[in-house]
Amino acid sequence: MRPYLAIIRDSFHEALASRVLWILLAITTLVLLALVPLGFIEQAGSYLSREDFLDRGKLMRKIVAAGKTAEPSPGRRIWELLDEPTRRMLQLQAKEPNAAGRFRPLGDSLQAMIGRPDFYRAEDWAKVSLPKAARDLEAQGIDKLPPDQFARFNRLALDAAFPDEIAPIPPKQVQLAYFHWELGLTLPVEREQLFPAMNQLIVTVLAIFLGVAGVFVAVMVTASMIPQTFEAGSIDLLLSKPIYRSGLFLAKFVGGCAFIAINAAYLIGGLWLILGVRFGLWNERLLLAIPLYLFLFAIYYSVSSFAGVVWRNAIVSVVMTVLFWFVCWIVGTANGLVEQLSLNPRRLVTIVSAGDDLIVVNNQGEVMRWDRSDEDWEPIFAARGEAQMPFGFGRRLVGPVYDPRGERILAVNFGMPGFSPLSASTRLFVGLRSDDWQRSEGVNVPDGTTALFLAPGGDLLAVSSQGIHRLEGDLAARQEDINVFGLHIPLPERGGRFVDFGPQVALRPLEGAAIDPQSGAIALFDGYRLVLFVPDSTGKYEKSSELAFELKLPGKVALAGGAVFLSLEGELRRYDTKLELQETLTPSAAGVPTTASVSPDGNVLAVLDRGGRLWLYDIDQRAPLGFSIAGQGDVSAVAFAGETMLVADRLTRVMAYNLADGKAVSRRQGPMPLAERIYRYALHPVYTVFPKPGELNQTVMALLTSKDNRPGAIRLDNGPPNAPQQQQRLDVWGPIWSNLLFLTVVLALACGYVSRKDF
Amino acid sequence: MEQRPLPASDMTKPWAVNVQNLRKTYRDGLWGRRRIEALAGVSLDVQRGEIFGLLGPNGAGKTTLIKVLLGMVGASGGAATLLDRPAGSRAARKEVGYLPEHHRIPRHHTGNSALTFFGNLSGLSRAEVARRRGPLLATVGLAEWGNTSIKKYSKGMMQRLGLALAMLHDPLLLILDEPTDGVDPVGRSEMRTVLLQLKAAGKTVFINSHLLQEVELVCDRVAILDRGRVLQQGSIAELTARAQSEVRLIVAGSEDQLRRALAAGPAVDTRALGPDQFEIVLAAPDQATIDGTIDRLRGQGMSLISLSPTRHTLEEAFLSILKQARGNP
């Protein structure tokens, strides 16, 4: 062992003598020193964010109304403090029924008012009862409070005055600061809540600075080590010694890695200390980034070393390494692009059993029916005159749901919250079996409809963040246009319409909604609140219970019998009808759930996550169901039809399983298009065997943030709710194994070459 | 995986080096179609305790032979043994100290650290190297230079350090490729002293050189290599004697007598030195030729004035052997 240790030691000796190590360590020190002053300042919570306005229209109308009276009130006080243009704009907006337009001036003004010591006057708030926290502050004397405390007091007073329109403020907020200069980034959360987002930010920054720039610098710095050793003259002396040539090569390789390890350990260790000391974020997993980035470097360095022994030239080594990186990038990008642009749009996301027919919807919003004679999916329900958008940017559908009585399917275009210029014309789409499922337009649906349900009694219900609505009257809209100089002027409608069929609620955009097919109970979940509605004797809904969460939880709900299931990332909570927590389960589909559904008999719960994994749970037996489901990891939709369960996997295949024994009973799959064939049999296998250094960043991300799955964590990747399903796989060990295999093969080839070569 | 050690050659005698019919063919050009025969069946042996010189013009295959012996280059055929171990094996390399031609010690070393590094590679501990390096550096004349960066070393000093590196682990066999290259005359003389000391200590030294005077001064035996073949092998005395020597006869008599006397024997060079006095040069004669020639000259009544054999230096012998070999390939 001694000779090989001597070679490793000599690599350091060389690095120290060449001053490269010193230069790198000095640069790292400068970077760390520049980061040391960065930190958080904790303040009393007062920040008013955009998300805190629960009902903007109502707030504006209230302020305008209060402004018109002479009686002192919080609204009147706000009106007084507003400038003239904002007042005029508010008056204009208040007249419009759809008053969600320009809100920004008011929001900014309110934020400014919170900072004013004279905002709160006792006479204005005479009719408002302040919460205890505010009274405690008032007791200390408002003019004596430090700025962040009186801002908090003002904010509490504002919340108390408009409890339905403005969300309550958490007790603390944090400011990002450099030394003591506030950087103007206020976050209305406690310090700990930011840690997951910070972890993600760190991983992203590390991926760029270490994963790309750092590795490149490291490859440059180490590129000459092996060629120099194997140069004529140098190698003769070494080879005359009683050592193995492979050992010499590997020791040199390890020497280069060890040299980089020192630098990486210093940088990441320093970062870890700064985060711990300055931010209180002691994430020991950050230290795992040292071996992981070293591993990433080793992959590139193995290529550099191989080129180094073959060509014995540092420049050729660097060029070959860059070339290798480029090829990896091309293969990875091609694979990703084909998945995203060609395959993912075709992935089935909804399955509907419509009597004898099986109807599916893909990511692109195309509705298709299984054609038994052609053995292929046949498009139906096509939007007339609406061109299909490329690359899966098609409009997504809510539904369809199948109405067995009318033998028809019903669907709605999905309205993106806050992004619905066309929402005024959101209509119900109807397709009749007798009409070959042709799409025709029906009545308007309420704004922001995120789910359609058929109540046990046969009523069609539309669910939105405002509550539950029922269709009254005929669903086909008999609306006629008159054509005036080429313009279509609609005449008033004469069809049915959706009316409120339960209490009005002001929820945020819904994360999930579910109906119990037996009792008709409905659960709505917006990430902060879980609300359960049950029908009364007339069928009209009443709010039965509600559960609030302090922090946003992305998740889905399902209802069965007497249980409400809330499916969150990595956990499943079972509540009773009073929304009291009964138990918490850990499903094997541990990613962010995309659907949670219950079989019609209420026995089987199916949870599908973003990673395409399906988890089945026997509600009666209270145990996971051990069915063997084909295509786990690639499952994109699940549905129940009587005694069978339908599972979509491998893009467009639908397998049917018998719920009694879990056996597959039928399989529907159309012919594979050429692009998919190329992907499946050529591109993807190449991608699989190719090293994926880039994916190691995913591993770092997964390792660093895996602790952050606990509820309430604020994360950077919370996309819009109901975002199109992407097959997103955070595979931790996959990249490690494939890269390790590559590393071993390259090193073995290099050893073989070195051993056989005449020097 | 390693370069396969060569099959062991004759192991009946305690050779330091024994090479039998060793061949090495390099492939060159596109797809390796051109073949270069670097060693075309080399056989030689070096006895233990002697200083052996391998001579040959540039490109004769001297360095290739050494590289094959040390396992740096794989042989195409033949057999070789170093110290009774298959040549090229790690066991054989353990007992060998090597000074390569144009060797390059990594520039970040000092004399001492280079000794430590290469000592470690030979399996010596740092402490052992520290113990040995003082006397060793003094032996090669670098006593004051141990802590100096080798960037500051002259070419001659690098050769001295190279010799120290080869001697560091006290090997039984030293293989020195052009050891006096770039060394000044005083240094060469010192180096010769070191080599003789090594010999006195029972070590075997294998020198590869084209500086024939040097070789002549220290080597016991030599081999002459040309175009991958051993032309001659033996002690220096044997080699110089065996090389084509001349015998010059100066005789007195008439030109007629001379012509008649030489007509019967082999053709020889003659030259008139004056009236009735001639010089006859017999090239590489054996004793019978000399006797026969004298008998015939005397038979014709000529008188023998002088007979002088001329003996070659190693250099002349080398050139003459080479010339002879290239003249009749």
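Tabulated results
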item: The protein assembly as shown, dipole about Cα centre (Lys/Arg Cβ +1, Asp/Glu Cβ -1), debye to the nearest 20; result: 2760
item: Chain A, relative contact order in percent, only Cα pairs under 8 angstrom and at least six apart counted; result: 11
item: Segment A:573-698: radius of gyration and largest Cα-Cα distance (Dmax), Å; result: 17.4, 54
item: Proximal lysines to A:Lys132, defined as alpha-carbon separation beneath 17 angstrom and excluding residues fewer than eight positions away on the same chain; result: A:Lys172
item: Percent RCO, i.e. relative contact order, over chain B, from Cα pairs under 8 Å lying at least 6 residues apart; result: 19
item: Value of relative contact order over segment A:607-651, rounded to a whole percent, pairs C-alpha under 8 Å and six or more apart; result: 32
item: Rule-of-thumb Rg ratio for segment B:108-209 [Cα; 2.2 N^0.38 Å; N residues]; result: 1.01
item: Rounded D (µm²/s) - segment A:166-278, Kirkwood Rh over Cα pairs, Stokes-Einstein at 4 °C, 1.567 mPa s; result: 70
item: Whole-angstrom Cα spans of chain B along principal axes, big to small; result: 83, 48, 42
item: Built amide H within the under 5 Å cut-off of B:Thr110, gap 5+; result: B:Ile150
item: Projected label distance in nm at B:Val186 and A:Leu35, using a 7 Å step from Cα toward the beta-carbon; result: 5.9
item: Percentage, to the nearest whole number, of Cα pairs in segment A:40-196 over 21 Å apart; result: 46
item: With 10 Å bins from 0: P(r) over the protein assembly as shown, alpha-carbon pairs, percent; result: 2, 8, 12, 14, 13, 11, 9, 8, 7, 6, 4, 3, 2, 2, 1, 0, 0
item: Cross-link table B:Lys24/B:Lys94; B:Lys24/B:Lys62; A:Lys543/A:Lys578; A:Lys757/B:Lys24, entries beyond 19 Å C-alpha to C-alpha; result: B:Lys24/B:Lys94
item: Per-residue Cβ neighbour rank within 10 angstrom, fewest leading, B:Ile294, A:Ile23; result: A:Ile23, B:Ile294
item: Ranked A:Trp125, B:Trp31, A:Trp22, A:Trp437, criterion: other C-beta atoms within 10 Å, fewest first; result: B:Trp31, A:Trp22, A:Trp125, A:Trp437
item: Theoretical ellipticity at 222 nm over chain A - DSSP helices of four or more residues, -39500 (n - 2.57) apiece, nearest 500; result: -10500 deg cm²/dmol
item: Over segment A:654-694 - Rg/Rh using Cα atoms and the Kirkwood inverse-distance radius; result: 1.24
item: Within chain B, helix-based [θ] at 222 nm, where runs of 4 or more DSSP H residues each add -39,500 (n - 2.57), nearest 500; result: -11000 deg cm²/dmol
item: Hz values of 3J(HN,Hα) by residue in segment A:567-577 - Karplus curve (6.51, -1.76, 1.60), Gly and Pro given as x; result: 9, 10, 5, x, 8, 10, 10, 10, 10, 8, 6
item: Distant-in-sequence amide H partners of A:Val604 (H built 1.01 Å from N, under 5 Å); result: A:Ser599, A:Ile619
item: Those aspartates and glutamates that a straight Cα-Cα span of less than 13 Å connects to B:Lys155, excepting residues fewer than 8 apart in one chain; result: B:Glu101, B:Glu178, B:Asp181, B:Asp184
item: Label point distance in nm, A:Glu580-A:Val212, each placed 7 Å from Cα along Cα→Cβ; result: 5.5
item: Stokes-Einstein D in µm²/s, Kirkwood radius over Cα pairs - segment A:110-244 at 20 °C with 1.002 mPa s viscosity; result: 105
item: Farthest positive-ward along segment A:1-116 dipole, Cα basis, beta-carbon charges - from A:Leu106, A:Val64, A:Leu33; result: A:Val64
item: Segment B:262-329: Cα Rg divided by the 2.2 N^0.38 Å rule of thumb; result: 1.33
item: Per-residue HN-Hα couplings for segment A:111-121 [Karplus 6.51, -1.76, 1.60; θ = phi - 60°; Hz; x = Gly/Pro]; result: 4, 5, 4, 4, x, 8, x, 9, 5, 7, 10
item: Kirkwood hydrodynamic radius of segment A:1-46, from inverse mean 1/r over distinct Cα pairs, in Å; result: 14.0
item: Under 5 Å, built H, 5+ apart or other chain: amide partners of B:Gly97; result: B:Leu173, B:Leu174, B:Ile175
item: Note, ³J(HN,Hα) from phi for segment B:185-196, Karplus 6.51, -1.76, 1.60, rounded to Hz, x at Gly and Pro; result: x, 5, x, 4, 5, 5, 5, 4, 4, 4, 4, 5
item: All-pairs alpha carbon distance profile, segment B:190-329, 5 Å steps from 0, percent; result: 2, 9, 16, 15, 12, 10, 10, 9, 7, 5, 3, 2, 0
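Rule-based calculations on the coordinates, nothing more; no lab input. Owing to the predicted nature of the structure, the values given are computational and were not obtained by experimental measurement. Backbone-built Cβ (ideal geometry, glycine too); neighbour counts: all protein chains shown.
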